[in-house]
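Peer 1: Take this structure first; my questions come after.
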Amino acid sequence: PIQLQNLRRKIGVQPRVNLDCQNAGELAYEDAAFDQVMVFFLLHELPAEVRAKALREVLRVVRPGGKVVFVDYHRPQRWHPHRYIMPLILRTLEPFAMDLWYNEISHWLPDGVAPSKIEKTLYFGGLYQKLVMIR
């Protein structure tokens with residue numbers, strides 16, 4: 001809730017933006033309720049089984065042809081100065097984050113779900129990723 005309050009303060013009231021605090025594995029929205037969904041630094045907070053449910057749910061609530069944008073951790077390139085210290089930090093503070101170093105986000109897609117397009121962009125030497133899925 002505090003993160004949503006911070007975001008609301010930053011963006012103000014936007015008629016086409018819905019900020020809501022829910023269980024990511026059981027969203028209380030109708031199928032195909034949204035044109036776009038943003039999942040910002042959430043996946044690394046979830047154990048693998050909940051992460052898979054969250055992907056199923058966000059794809060369920062996005063209309064066909066709609067977009068889901070994920071932003072989260074990623075394994076940085078070998079030359080990245082944080083590549084060798086980040087695992088120590090993440091294993092201590094973010095125990096599920098290392099999953100995103102060893103698996104693509106699409107690894108947790110439910111069986112039978114195949115987005116029509118997936119586009120990944122890496123930032124800060126690969127430490128962060130933006131993955132865009134078109135349903």
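Peer 1: Given the -39500 (n - 2.57) contribution per DSSP H run of 4+ residues, what per-residue ellipticity at 222 nm results for the chain, rounded to the nearest 500 deg cm²/dmol? Let's see the in-between values first.
Peer 2: Values: 4 runs with 36 residues, N = 135.
Result for the chain, helices only: -7500 deg cm²/dmol.
Peer 1: Which residues does the label zone of residue 84 cover in the range 90-107, counting backbone N under 20 Å from a point 7 Å along Cα→Cβ?
Peer 2: 90-92, 98, 101-102
Peer 1: Using DSSP, restrict attention to beta bridges with both residues in the chain and report what percent are antiparallel, rounded to the nearest 5.
Peer 2: Counting only bridges with both partners in the chain, antiparallel ones make up about 70 percent.
Peer 1: I want to verify a result. In a Gaussian network model of the chain, Cα cutoff 10 Å, which of these has the top mean-square fluctuation: 91, 16, 75?
Peer 2: Of 91, 16, 75, the Gaussian network model singles out 16 as fluctuating most.
Peer 1: Further question: Quick one, which of (i) 27; (ii) 43; (iii) 33 is the actual percent of Cα pairs over 24 Å apart calculated for this model?
Peer 2: (iii)
Peer 1: State the percentage of accessible surface on the chain attributable to carbon and sulfur atoms; use a 1.4 Å probe and exclude ligands, DNA and RNA.
Peer 2: On the way: 4730 of 8470 Å².
Here carbon and sulfur together make up 56 percent of the probe-accessible area.
Peer 1: Please list 46-53, 1-8, 23-30 highest first by mean number of surrounding beta-carbon atoms within 10 Å per residue.
Peer 2: Values: 46-53: 15.6, 1-8: 10.4, 23-30: 13.5.
Peptide ranking by packing, descending: 46-53, 23-30, 1-8.
Peer 1: Here's something else I'd like to know. Taking 7 Å along the Cα-to-C-beta vector as the label spot, tell me the residue 40-residue 21 distance in nanometres, rounded to one decimal.
Peer 2: Distance between label points: 1.6 nm.
Peer 1: Averaging sequence separations of C-alpha pairs under 8 Å and six or more residues apart, then dividing by the length of the chain, give the relative contact order as a whole percent.
Peer 2: Values: 208 pairs, mean separation 35.9, N = 135.
It rounds to 27 percent for the chain.
Peer 1: Quick one: Cα centre-to-centre distance for the range 32-74 and the range 110-126, in angstrom?
Peer 2: 11
Peer 1: Treating only the Cβ atoms of Lys and Arg (+1) and Asp and Glu (-1) as charged, compute the dipole magnitude of the chain about its Cα centre; round to the nearest 20 debye. Each step should come with its number before you reach the end.
Peer 2: Details: 18 positive and 14 negative charges, 107 e Å.
In total the dipole reaches around 520 debye.
Peer 1: Let me ask something else about it. Accessible area per residue, 1.4 Å probe, Å², for the range 80-135: what's the number? Don't jump to the answer; show the numbers that get you there.
Peer 2: Working: 3360 Å² over 56 residues.
For the range 80-135, the solvent-accessible area averages 60 Å² per residue.
The values are calculated or read from the model by the stated rules, or taken from the named source; none is laboratory data. These numbers were taken from a predicted model, which means no experiment stands behind them. When we count neighbours, we look across all protein chains shown, and the Cβ atoms used for this are built from the backbone with ideal geometry, even at glycine. The protein model used for the area step is the full one, side chains on, heavy atoms only, and it has no ligands, DNA or RNA in it. Shrake-Rupley method; radii C 1.70, N 1.55, O 1.52, S 1.80 Å.
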